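Structure, as structure tokens:
The values are calculated or read from the model by the stated rules, or taken from the named source; none is laboratory data. These numbers come from a predicted model, not from an experiment. A quick note on method: Cβ atoms are made from the backbone with ideal geometry, for glycine too, and the neighbour counts reach across all protein chains shown.
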Amino acid sequence: MEYIYSISNASLVLKIIHYFVITPSLQSSEITVIHEISGWIIRIKVPYNLTSRDYGNVRAFLSELGFVYHPNVKMNLVFCSLDMGEPVISVMRDYNVAIISCGKPNVTEVEAFRLQFSKGLGYRPQTLA
């Protein structure tokens, strides 16, 4: 099962990743985190061996923190390229997107990006709060 959501700031993205890290049945999920000027896009692929209740819990949790994102053609191509195994760096260069994390849920990559980006700007934009 795949979920794609738009999230407004980094704190909520970190909350989502943390939820997937601490929930045993969701630890094998794959998460792709993309940063855009207007916010974040997060794609989550959860294992197919979950119960319908687990799927409902995931959907409810994600809906509390963001809203369903319907990818445009460019984002669909980004996701397809990643699914076909193209290197993340190549996909970022080809489609001009900032892929912050791809694969197993990882909080440190998002935190490092947030710190580095804010340090470079000299302030913290709302999307990185």
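Does at least one position in segment 54-72 carry a residue that is hydroxyl-bearing (Ser, Thr, Tyr) and touching a residue at least 60 places away in the same chain (Cβ under 8 Å)?
Yes - at least one qualifying residue is present in segment 54-72.
May I ask you to list the residues in segment 83-129 that are over 18 Å from Leu12 (Cα atoms) and touching a helix residue (DSSP H, G or I) at 6+ places or on another chain (Cβ under 6 Å)?
Selection gives Val91, Tyr95, Val97.
Tally time: how many residues in segment 84-94 are surrounded by 13 or more Cβ atoms within 10 Å (Cβ to Cβ) and either among the polar types (S, T, N, Q) or under 14 Å from Arg43 (Cβ atoms) (or both)?
Total meeting the criteria: 2.
How many of the residues making up segment 88-123 are part of a strand (DSSP E or B) and either more than 15 Å from the chain's Cα centre (by Cα) or polar (S, T, N, Q) (or both)?
1
What's the total number of residues in segment 44-82 that are of a type in the set (D, E, K, R) and surrounded by 12 or more Cβ atoms within 10 Å (Cβ to Cβ)?
3
With the checklist (1) surrounded by fewer than 16 Cβ atoms within 10 Å (Cβ to Cβ); (2) closer than 15 Å to Ile100 by Cβ in hand, flag the one item Tyr5 doesn't pass.
All conditions are met except number (1).
Look through segment 14-35, keep the residues that are more than 17 Å from Leu82 (Cα to Cα) and in contact with a strand residue (DSSP E or B) (Cβ under 8 Å, 6 or more places away or on another chain), and return whichever of them is surrounded by the fewest Cβ atoms within 10 Å (Cβ to Cβ).
Phe20
Looking only at residues in segment 64-111 that are under 18 Å from Ser29 (Cα atoms) and among the hydroxyl-bearing types (Ser, Thr, Tyr), which one is modelled with the lowest pLDDT?
Looking at residues that are under 18 Å from Ser29 (Cα atoms) and among the hydroxyl-bearing types (Ser, Thr, Tyr), I get Thr108.
Surrounded by fewer than 18 Cβ atoms within 10 Å (Cβ to Cβ) and closer than 14 Å to Val110 by Cβ: is that true of Ser11 in this structure?
Spelling it out, Ser11 is indeed surrounded by fewer than 18 Cβ atoms within 10 Å (Cβ to Cβ) and closer than 14 Å to Val110 by Cβ.
Going by the conditions given, is Phe113 surrounded by 10 or more Cβ atoms within 10 Å (Cβ to Cβ), more than 15 Å from Glu2 (Cα to Cα), touching a Leu at 6+ places or on another chain (Cβ under 7 Å) and not hydroxyl-bearing (Ser, Thr, Tyr)?
no
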